[in-house]
Amino acid sequence: MKVEFFGVRGSMASPGSNTHIFGGNTSCVYIEQNNGKDLILDSGTGIVDLGTRLLEKEHPITILLTHNHWDHIQGFPFFKPIYQPNRDITIAVGNIDDKKTEDAILKQMSGSYFPVCYQDLPANITLNTALSSQKQFTINDFLVSTALLNHPGGGTAYCVKADEIKVAYVTDNELSPPEKTKTTISEWVDFIKGADLLIHDAQFIDADLPLKHGWGHSTIDQVAKLAIKADVKNVVIISHDPSRTDEQLLAIEKHLHTHYGQQVKIECGREGRVFDF
């Protein structure tokens, strides 16, 4: 299995001279099995470059969305395969609270929002609103488990298994929310237990709290401690704050290596990073 990062930023894209090391594109991760079958996790601006690559492949495309916040869907109108005639594309929508907006990834291409209406796209696009409500399902030879995110508006975390490898994708998620908890710490430990790779949101550092407590994101130390408790092998922190510079992320990474590096392999997510298991 191969896991490749195309977007690791949260909230909004942040290109510029201060983000060229870690990248400025929003959430998108690509997973490919040894047999060539694949999955796309989220459709932030990172999916644009991925789309150019996928033009060369003829197989159906499957996108698993965590939720519909803009940084997770905003790359879709620029995803080139949607303009390919008869290209089969399935989108699994995250388990969100407002069921009336489940089609937001398509509806952003309507009215005055975008010059091309989603009804005019030549690809065969199927929106599946039922998959994320299932605890477990199989798609493209991947065994996928789900859990509810602790995030405003709801959402779904995915645990993906294939080629005897387990990858957990948990973003955006607040491990210790101030109000109702949809998934507890102990439940997260069970969900990600023994994962070969945990990809988890950690947009905050301790200095961001308590101002941002309840905004739906975790701190770097919370995620590191969770990973150790769950015997995870590798951790990649994503959903970087858009204002976080390369220098600041390098300092965060140094902190993580110093305090937790002997117990777990942990790093800040970078665009272009590849795990080849």
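The values are calculated or read from the model by the stated rules, or taken from the named source; none is laboratory data. Given the structure is predicted, the values throughout are model-derived calculations rather than measurements. For neighbour counting, all protein chains shown are included, and Cβ atoms are generated from backbone atoms with ideal geometry for every residue, glycine included.
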All positions within the range 18-55 that are farther than 17 Å from VAL144 by Cβ, touching a helix residue (DSSP H, G or I) at 6+ places or on another chain (Cβ under 9 Å) and either aromatic (Phe, Trp, Tyr) or free of Cβ contacts under 8 Å to residues at least 24 places away in the same chain (or both): PHE22
Residue check, ASP196 of a type in the set (D, E, K, R), in contact (Cβ under 8 Å) with a residue 60 or more places away in the chain and at positive phi: no
Filter result (in contact with a strand residue (DSSP E or B) (Cβ under 9 Å, 6 or more places away or on another chain) and among the hydroxyl-bearing types (Ser, Thr, Tyr)) within the range 6-65: SER11, SER14, THR19, THR26, SER27, TYR30, SER43, THR45, THR62
Hey, ILE139 farther than 18 Å from PHE78 by Cβ and at pLDDT 95 or above or not: yes
Residue count, the range 34-67 (criterion: closer than 20 Å to LEU121 by Cα and part of a loop (DSSP other than H, G, I, E, B)): 11
Filter pass, LYS233 being under 19 Å from PHE5 (Cβ atoms) and free of Cβ contacts under 8 Å to residues at least 60 places away in the same chain: yes
Residues of the range 224-235 satisfying the condition of being surrounded by 18 or more Cβ atoms within 10 Å (Cβ to Cβ) and out of contact with any Leu (no Cβ under 7 Å at 6 or more places or on another chain): ALA230
Odd one out for LYS135, checked against (1) free of Cβ contacts under 8 Å to residues at least 12 places away in the same chain; (2) surrounded by 15 or more Cβ atoms within 10 Å (Cβ to Cβ): (2)
Of all residues in the range 168-213 being charged (D, E, K, R) and surrounded by 21 or more Cβ atoms within 10 Å (Cβ to Cβ), the one that is farthest from ASP141 (Cα to Cα): GLU174
Residue within the range 117-126 that is hydrophobic (A, V, I, L, M, F, W, C) and under 30 Å from GLU174 (Cα atoms) present: no
Verdict on ILE96 being out of contact with any helix residue (DSSP H, G or I) (no Cβ under 6 Å at 6 or more places or on another chain), farther than 21 Å from ILE61 by Cβ and surrounded by 20 or more Cβ atoms within 10 Å (Cβ to Cβ): yes
Matching option when the condition is buried (at least 24 other Cβ atoms within 10 Å of the Cβ) and among the aliphatic types (A, V, I, L, M), among ILE165, ILE238: ILE238
Members of the range 114-136 found to be farther than 23 Å from SER176 by Cα, at pLDDT 95 or above and either among the basic types (Lys, Arg) or not in a strand (DSSP E or B) (or both), listed by number: PHE114, PRO115, VAL116, CYS117, TYR118, GLN119, ASP120, LEU121, PRO122, ALA123, GLN134
Failed condition for LYS161, given (1) more than 21 Å from THR90 (Cβ to Cβ); (2) assigned to a strand (DSSP E or B); (3) of a type outside the set (A, V, I, L, M, F, W, C): (1)
Residues within the range 39-91 that are among the acidic types (Asp, Glu), buried (at least 23 other Cβ atoms within 10 Å of the Cβ) and over 11 Å from the mean Cα position of the chain (by Cα), tallied: 0
